[in-house]
Amino acid sequence: KQEVTQIPAALSVPEGENLVLNCSFTDSAIYNLQWFRQDPGKGLTSLLLIQSSQREQTSGRLNASLDKSSGRSTLYIAASQPGDSATYLCALPTQGGSEKLVFGKGTKLTVNP
Amino acid sequence: DVKVTQSSRYLVKRTGEKVFLECVQDMDHENMFWYRQDPGLGLRLIYFSYDVKMKEKGDIPEGYSVSREKKERFSLILESASTNQTSMYLCASSLRGQIEAFFGQGTRLTVV
C-alpha cells in the first residue's frame, strides 16, 4: 500500500527566501504525482501535476520534480511571498494506475514579511 | 476552468440526524470522490464513484453512504450523525483514467 510522507510538518521562512518542500513515497510504480495548496478552512487547489514520464514541471515561481527511483518529489518555491503561506500537500495514486489518491499530511508554510 | 461546488461551507447538525452533503461538478468528469480531513490524520477517502450509480468504498466508509444518480452530482449521506463525524468534508472529481483531481471548497460539519 502506498504511503506518503511530507517532512517537515511546518516551515517558517522570511520573505524572499527560496525553499524546498519534500514528499516521499514507498511505491515507485506510479504514473504521476500532484501537488496541492490548501488555505486555512478551504478546499485544495491544484498547483502542479507531474506525469511519470516527466522529471519536472514548472508554473511561475513553482517547480516540482519527481525522482521515482528514490521515491521522492520536491516542490521548489522561488522568492517566497507572504501570500505563499498555506499548507502544501502531495498526492499519488494508491497503487499503479489507480485513479484514487493517497495524500501526505502536508507541510504548513509560513512566510514572514 | 473545472468547477466543483459543495452545497454548504458550514453545517451544524444534531446527533442522530440524517445529513446530506451535496457536490456538483461541471466538467463531465466520470470520477467523483468524498474525503474527510482531520488534524493529524490528513485526508482519508470515504467513497469513490467511477460512473453513475457506481461506487466503491474507500478507507473509512463506516457510517456513510453515497448516491450518484446523475453524472454531475455526488451526495454523501450520514445516516445517523455522530460527534465523531465532526470534520471537514471535501469533494473532488477527475476524468476517467486520470489522477488530476479538482476539489470543492469544503464543508465544515459540526455534529453536536
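Nothing in this text is a laboratory measurement; each read-out follows from the coordinates by a stated rule. From a predicted model like this one, the values you see are computed outputs, not experimental measurements. Please note: Cβ atoms are built from the backbone with ideal geometry, for glycine as well, and neighbour counts cover all protein chains shown.
Dipole of segment A:1-49 computed with +1 at Lys/Arg Cβ and -1 at Asp/Glu Cβ about the Cα centre; of A:Cys23, A:Gln38, A:Leu11, farthest Cα towards the positive end is A:Gln38.
Expressed in Å, the radius of gyration and Dmax of the Cα atoms of segment A:8-52 are 13.3, 37. Modelled spin-label separation between A:Asp39 and B:Glu62, with each label point placed 7 Å from Cα along the Cα-to-Cβ direction: 3.7 nm. Expressed as a whole number of Å, what is the distance separating the alpha-carbon centroids of segment B:44-95 and segment A:32-97? Centre-to-centre distance over Cα atoms comes out at 25 Å. In plain terms, the bigger the Kirkwood radius, the slower the diffusion; for the protein assembly as shown, with that radius from Cα pairs, at 4 °C and 1.567 mPa s, Stokes-Einstein puts D at 72 µm²/s. Farthest toward the positive end of the dipole of segment B:1-91, out of B:Ala81, B:Gly58, B:Tyr47, is the Cα of B:Ala81, where the dipole comes from beta carbon charges about the Cα centre. Under the combined filter of DSSP loop state and at most 13 neighbouring Cβ atoms within 10 Å, segment A:42-113 retains these trypsin sites (Lys or Arg not before Pro): A:Arg55, A:Arg61.
Comparing B:Gln37, B:Gln85, B:Gln98 in a Gaussian network model of chain B (Cα springs below 10 Å), the most mobile by mean-square fluctuation is B:Gln98. Computed over chain B with a Gaussian network model linking Cα atoms closer than 10 Å, the most mobile of B:Glu69, B:Glu30, B:Glu100 is B:Glu100. Note on segment A:59-113: Cα-Cα pairs beyond 12 Å make up 74% of the total pair count.
The convex hull around the C-alpha trace of chain A, projected and averaged over every direction, spans 6.5 square nanometres. Distance between the modelled labels on A:Thr110 and A:Ser70, one decimal in nanometres: 2.9 nm (7 Å Cα→Cβ projection). Remark: chain A carries a charge dipole of roughly 200 debye about the Cα centre, counting +1 on each Lys and Arg Cβ and -1 on each Asp and Glu Cβ. Diffusion coefficient (Stokes-Einstein, Kirkwood radius over C-alpha pairs, 4 °C, 1.567 mPa s) for chain B: 94 µm²/s, rounded to a whole number. The mean number of partner chain beta-carbon atoms within 10 angstrom of a residue's beta-carbon across peptide B:90-103 is 5. Taken about its Cα centre, chain B carries a charge dipole of about 300 debye when Lys and Arg each add +1 at the Cβ and Asp and Glu each add -1 at the Cβ.
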